[in-house]
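Presented below is the structure to which this report refers.
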Amino acid sequence: MHKSWQEIFKNYPKREEVSRLLDEINEKRKVSTIFPPENQVFRVFNLPLKEIKVLILGQDPYHNDGQACGLSFSVNDGIALPKSLINIYKELEDDLAIRRANGNLEDWHRQGVFLLNAVLTVEKNKPASHSKLGWEDFTDYIIKEISDRSESIVFILWGSFARGKKKFIDSKKHYIIESAHPSPLSAYRGFFGSKPFSKSNEYLKKIGKSEIKW
């Protein structure tokens with residue numbers, strides 16, 4: 001974790017609950033397979049707060065072997081692309097004529113794309129299995145802190161779950177891009193054709209920030 005997050009973590013009013021949550025998850029790891037690995041749960045916070053240009057919000061980590069890596073929508077090298085990421089790449093190619101094959105989004109992260117999941121852990125083959133443990137209170141706080149402490153960030157909210165977090169974002173200070181989720185169930189209901197990548201770069205260019213090399 002970058003040191004810029006230390007004060008934010010320290011000031012979280014429910015930090016004792018997070019400590020208990022981590023203890024609970026560590027106990028679960030003794031009898032179940034939990035993703036991502038323990039050393040990657042807070043990986044997204046390696047990105048310094050001041051370097052965030054774009055925030056893409058996911059729901060919870062991928063739940064199959066080898067996929068979850070602590071960055072929303074990203075998978076480890078050599079892992080087949082999940083269906084949502086396939087659709088994200090389809091939109092990227094249509095939007096900016098960029099074709100990607102590797103599902104590792106670490107290069108986005110290094111450029112200032114904060115790939116946050118609302119829930120930071122999951123049990124193997126059980127999607128949303130940790131959604132009621134208390135992670136969302138913590139990540140709601142993180143979203144609001146990023147909004148309050150930063151200027152001119154692009155918040156990309158895909159699907160009704162992510163769009164429900166808009167209440168934590170100051171729309172007068174930041175640029176919010178909303179659409180349907182890229183999952184196969186909803187991608188054709190407004191995700192395809194939404195052009196989030198070009199819109200993000202147009203905004204970043206307008207405010208004098210370097211564009212993301214998607």
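In the list Leu85, Leu81, which residue meets the criterion of being open to solvent by less than 10 Å² (accessible area, probe 1.4 Å), touching a Phe, Trp or Tyr at 6+ places or on another chain (Cβ under 9 Å) and under 25 Å from Arg110 (Cα atoms)? Of the residues listed, the single one that is open to solvent by less than 10 Å² (accessible area, probe 1.4 Å), touching a Phe, Trp or Tyr at 6+ places or on another chain (Cβ under 9 Å) and under 25 Å from Arg110 (Cα atoms) is Leu85. Only one of (1) charged (D, E, K, R); (2) open to solvent by 60 Å² or more (accessible area, probe 1.4 Å); (3) assigned to a helix (DSSP H, G or I); (4) without any contact (Cβ under 8 Å) to a residue 24 or more places away in the chain is not met by Lys172, so which one is it? Result: Lys172 fails condition (3) only. Determine whether the range 42-51 contains at least one residue that is at positive phi and open to solvent by less than 90 Å² (accessible area, probe 1.4 Å). Checked the range 42-51: no residue is at positive phi and open to solvent by less than 90 Å² (accessible area, probe 1.4 Å). Give the residues of the range 89-109 that are at pLDDT 95 or above and in contact with a helix residue (DSSP H, G or I) (Cβ under 9 Å, 6 or more places away or on another chain), sorted by residue number. Matches in the range 89-109: Lys90, Glu91, Leu92, Asp95, Leu96, Ile98, Arg99, Arg100, Gly103, Leu105, His109. Determine, yes or no, whether His109 is of a type outside the set (A, V, I, L, M, F, W, C), open to solvent by less than 20 Å² (accessible area, probe 1.4 Å), part of a helix (DSSP H, G or I) and within 22 Å of Asn76 (Cβ to Cβ). So His109 passes the test.
Kindly establish whether Phe138 is over 28 Å from Glu16 (Cβ atoms), of a type outside the set (Ser, Thr, Tyr) and surrounded by 18 or more Cβ atoms within 10 Å (Cβ to Cβ). Spell out how you get there, then give the answer.
Numbers: over 28 Å from Glu16 (Cβ atoms): no; of a type outside the set (Ser, Thr, Tyr): yes; surrounded by 18 or more Cβ atoms within 10 Å (Cβ to Cβ): yes.
Here the answer is no, as Phe138 does not meet what is asked.
The values are calculated or read from the model by the stated rules, or taken from the named source; none is laboratory data. Remember, it's a predicted structure, so these values are computed and weren't measured experimentally. When we count neighbours, we look across all protein chains shown, and the Cβ atoms used for this are built from the backbone with ideal geometry, even at glycine. Ligands, DNA and RNA are stripped out before the accessible areas are found, and what is left, the full protein with its side chains, is counted by its heavy atoms. Shrake-Rupley method; radii C 1.70, N 1.55, O 1.52, S 1.80 Å.
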